[in-house]
Ligand code: HEC
């Protein structure tokens, strides 16, 4: 056999193999013939997915963690929108009680205060040093007038220079933080008339020295 024949046989063999098996990564309308079974299609658990146990049960994500490819129900709690519309919900879609507000206060301290300040006025080191020179003052009238759903949208998806917090703050904590942002705002916007009559009496007659 001369070298010319060898090359022809080699090229033909290559063409036949590629013709049957295809090139790795090529798109086919039906599965390509696999000479050796392809490990891509083996039965295995992918990271960040729900793992099925042999008896069919699914291992739930560890509490307090946010699964990477989570599928969320499109309700007000997850979207901040009135279901089926593109309008923001007016109020937090959870029962707002002292526990939720205190949770929000703690989480606000962790996730928001370094930029917006513990009091929400945005006078932080981040602004003073120019790292974030246009941090919003959460007491601004425009922001105080936003619906709870819109603030949820800002925290969830970010806005302009502020980044999304959906991957680091679980949904219920995002609502809790909004509850606390509202208490910060009310602490400056409120008047004596907002205090229940009974409490007002007590406060007015408390010595403040
Ligand atoms: C890394 C800094 C940073 C962090 C952390 C941060 N923000 Fe912001 N936030 C900003 C900046 C900067 C803006 C102004 C965005 C703009 O208009 O460019 C802003 C704007 C806002 C606004 C107003 C949006 C508007 O339409 O004007 C709200 C409300 C808000 N932030 C709430 C929060 C809450 C609640 C948290 C905590 C979960 C938070 N932010 C965490 C930097 C931050």
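The values are calculated or read from the model by the stated rules, or taken from the named source; none is laboratory data. Since we're looking at a predicted model, the values are computed, not measured. Here Cβ is always computed from backbone atoms with ideal geometry, including for glycine, and neighbour counts include all displayed protein chains.
Of note:
- All of 107, 70 fail the test of being under 17 Å from residue 166 (Cα atoms), under 15 Å from the mean Cα position of the chain (by Cα) and in the same structural domain as residue 139 (by TED's automatic domain parsing), apart from 107.
- Of all the numbered requirements in (1) at pLDDT 95 or above; (2) within 30 Å of residue 51 (Cα to Cα); (3) part of a loop (DSSP other than H, G, I, E, B), residue 92 misses one, and that requirement is (2).
- Residue among 85, 65 that is part of a loop (DSSP other than H, G, I, E, B), within 17 Å of residue 173 (Cβ to Cβ), modelled with pLDDT under 95 and more than 16 Å from the ligand (Cβ to nearest atom): 65
- Residue match in region 104-113 (condition: buried (at least 16 other Cβ atoms within 10 Å of the Cβ), near the ligand (Cβ under 9 Å from one of its atoms) and free of Cβ contacts under 8 Å to residues at least 60 places away in the same chain): no
- Each residue in region 139-160 was checked for being out of contact with any strand residue (DSSP E or B) (no Cβ under 9 Å at 6 or more places or on another chain), more than 6 Å from the ligand (Cβ to nearest atom) and in a loop (DSSP other than H, G, I, E, B), and 4 pass.
- For residue 122: the one exception among (1) part of a helix (DSSP H, G or I); (2) modelled with pLDDT under 95; (3) surrounded by 13 or more Cβ atoms within 10 Å (Cβ to Cβ): (1)
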